[in-house]
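So the structure is just underneath, and the comments pick up after that.
The values are calculated or read from the model by the stated rules, or taken from the named source; none is laboratory data. Not measured: the values here are computed from a predicted model. No Cβ is skipped: glycine too gets one built from the backbone with ideal geometry, and neighbour counts run over all protein chains shown. Only protein heavy atoms, including side chains, enter the accessible area calculation; ligands, DNA and RNA are left aside. Shrake-Rupley method; radii C 1.70, N 1.55, O 1.52, S 1.80 Å.
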Amino acid sequence: MKKHNFSAGPSILSPYTIKHTAEGILDLDQSGLSLMEISHRSKEFMAIMDETQQLFKDLLDIPSGYSVLLLQGGASLQFCMVPYNLLKTKAAYLDTGSWANKAVKEAKFFGEVEVVASSKESTYSYIPKGYAIPSDADYFHITTNNTIYGTEIKEDMDVPMHLVADMSSDIFSRPMDVSKYSLIYGGAQKNLAPAGVTFVIVKDEILGNMDRPIPTMLDYRTHIDKGSMFNTPPCVAIYAAMHTLHWYRDQGGVPAMYKMNMEKAGILYDEIDRSSIFTSNIEDENDRSIMNVSFVMKEEYKEKEADFLAYAIGRGMSGIKGHRSVGGFRASIYNAMPLSSVEELVETMKEFEQNL
Ligand SMILES: *Cc1c(COP(=O)(O)O)cnc(C)c1O
């Protein structure tokens with residue numbers, strides 16, 4: 001049976017990405033060699049690296065003066081690299097979930113960290129608003145999409161200091177203004193590629209002002225100077241990312257992705273709001289993520305959650321169990337998720353309600 005893959009990450013990739021990556025693994029462009037066994041310094045791989053970086057720039061309209069880096073270590077290593085390279089005395093962080101919280105923890109190794117606001121006390125069910133950012137902060141760090149809780153900051157903020165964003169789970173999901181950010185990073189395994197590659201989009205001029213010595217591998221300038229080729233890059237994951245970006249381009253780019261994402265999220269939230277048994281755990285509609293749709297059963301139906309989960313699995317729904325810290329359900333509907341799978345999920349929710 002065909003499965004509908006709602007996994008939060010690693011997560012669904014387009015059939016286009018999987019097919020072309022598999023072909024390259026068997027035989028890269030009729031070279032008689034597998035992508036997995038060629039030198040990262042071969043002209044074939046250098047072209048793949050260049051093209052992937054160029055596609056980032058084209059699809060996100062990245063202004064000149066920014067570099068695109070394809071690194072390893074995941075978003076989690078960026079929690080440390082960001083303050084290593086940017087935190088002189090003080091940084092400001094918005095605490096919107098456990099990833100944001102982990103970023104805070106790492107930043108504290110490097111200086112003073114002010115958490116400007118937190119929604120932790122309500123299991124991160126909203127995005128805090130109306131906070132003040134200390135004007136002497138070296139940068140302000142946000143997590144634009146809170147993968148675990150299903151909340152999202154969908155607008156590019158204007159702040160008077162460097163804006164740094166973890167966009168692991170919403171990069172390429174909506175049109176954005178990169179010029180508002182000084183640094184954007186994320187693990188690629190949510191909306192781009194299999195696990196193993198980490199993207200960083202950094203404004204070059206913000207680097208190099210640090211007094212502390214930075215170990216070579218953790219210094220962004222190393223990777224800018226060497227075009228993300230200082231050491232062996234994760235070739236297979238980068239190759240897959242390139243195909244995903246081709247696919248985005250062929251679909252009409254980020255605006256087309258956004259249109260699809262709004263439609264997918266729209267029908268799912270509409271059903272959650274209509275349903276007599278399900279409800280959203282995100283209070284403010286404006287905070288609802290278009291990538292990770294989190295929902296629960298109403299209090300009076302709580303004991304039916306396990307039944308629904310089993311029913312949904314029986315209908316081919318994979319990965320919809322909510323994160324252990326939230327409970328309930330989470331449908332991750334990343335760019336590669338077809339509308340038809342979301343329609344199937346909605347149908348499954350309706351049928352379960354009717355049969356109750
Ligand atoms: C998945 C995720 C991470 C962790 O990414 P790793 O690549 O596993 O380190 C960090 N931030 C967000 C928002 C995520 O969704």
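A few points about this structure:
- Scanning the stretch 334-356 for residues that are more than 22 Å from ALA306 (Cβ to Cβ) and in contact with a Leu (Cβ under 7 Å, 6 or more places away or on another chain), we see that the one that is surrounded by the most Cβ atoms within 10 Å (Cβ to Cβ) is VAL342.
- Residues of the stretch 279-313 satisfying the condition of being under 15 Å from ASN355 (Cα atoms) and crowded, with 22+ Cβ neighbours inside 10 Å: PHE308, ALA312
- Every residue from the stretch 128-165 that is over 20 Å from the mean Cα position of the chain (by Cα) and either of a type in the set (Ser, Thr, Tyr) or within 16 Å of the ligand (Cβ to nearest atom) (or both): TYR131, SER135, TYR139
- Members of the stretch 177-202 that are open to solvent by 30 Å² or more (accessible area, probe 1.4 Å) and within 22 Å of LEU94 (Cβ to Cβ): ASP177, SER179, LYS180
- Selection count, the stretch 79-97, where residues are closer than 13 Å to VAL116 by Cα and within 15 Å of the ligand (Cβ to nearest atom): 4
- Listed by first and then second residue, the pairs with beta-carbon distance under 9 Å, at least 6 apart or on different chains, first residue in the stretch 99-128 and within 20 Å of PHE295 (Cα to Cα), second acidic (Asp, Glu) and surrounded by fewer than 19 Cβ atoms within 10 Å (Cβ to Cβ), are SER122/GLU283; SER125/GLU283; SER125/ASP284; TYR126/GLU283; TYR126/ASP284; ILE127/ASP284.
- When SER76, SER64 are screened for being in the same structural domain as PRO234 (by TED's automatic domain parsing), within 16 Å of the ligand (Cβ to nearest atom) and at pLDDT 95 or above, only SER76 passes.
- Among the residues making up the stretch 78-106, those that are more than 21 Å from ILE214 (Cβ to Cβ) and under 20 Å from the mean Cα position of the chain (by Cα) are LEU94, ASP95, THR96, GLY97, SER98, TRP99, ALA100, ASN101.
- The stretch 186-202, residues that are under 9 Å from the mean Cα position of the chain (by Cα) and near the ligand (Cβ under 10 Å from one of its atoms): GLY186, GLY187, ALA188, GLN189, LYS190, ASN191
Residues checked against (1) buried (at least 18 other Cβ atoms within 10 Å of the Cβ); (2) outside the structural domain of ARG174 (by TED's automatic domain parsing); (3) within 18 Å of the chain's Cα centre (by Cα):
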site	(1), (2), (3)
ASP204	no, no, no
ILE214	no, no, no
ARG221	no, no, no
SER228	yes, no, no
PRO233	yes, no, no
ALA241	yes, no, yes
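- Filtering the stretch 77-92 to residues that are out of contact with any Leu (no Cβ under 8 Å at 6 or more places or on another chain) and either surrounded by 21 or more Cβ atoms within 10 Å (Cβ to Cβ) or touching a residue at least 60 places away in the same chain (Cβ under 8 Å) (or both) leaves GLN78, PHE79, PRO83, LEU87, LYS88, ALA91, ALA92.
- Of all residues in the stretch 39-50 being of a type outside the set (Gly, Ala, Ser) and either surrounded by 14 or more Cβ atoms within 10 Å (Cβ to Cβ) or closer than 25 Å to ALA107 by Cβ (or both), the one that is farthest from the ligand (Cβ to nearest atom): GLU44
- Scanning the stretch 27-75 for residues that are among the basic types (Lys, Arg) and farther than 30 Å from ASN146 by Cβ yields ARG41, LYS43.
Residue by residue, here is whether (1) more than 18 Å from the chain's Cα centre (by Cα); (2) part of a loop (DSSP other than H, G, I, E, B); (3) at pLDDT 95 or above holds:
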residue: GLU283; (1), (2), (3): yes, yes, no
residue: ASN286; (1), (2), (3): yes, no, yes
residue: ILE290; (1), (2), (3): no, yes, yes
residue: VAL296; (1), (2), (3): yes, no, yes
residue: GLU305; (1), (2), (3): yes, no, yes
residue: ALA310; (1), (2), (3): yes, no, yes
residue: GLU344; (1), (2), (3): yes, no, yes
residue: MET349; (1), (2), (3): yes, no, yes
residue: GLU353; (1), (2), (3): yes, no, yes
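- Residue within the stretch 134-145 that is over 29 Å from GLY208 (Cβ atoms) and either β-branched (Val, Ile, Thr) or in contact (Cβ under 8 Å) with a residue 24 or more places away in the chain (or both) present: yes
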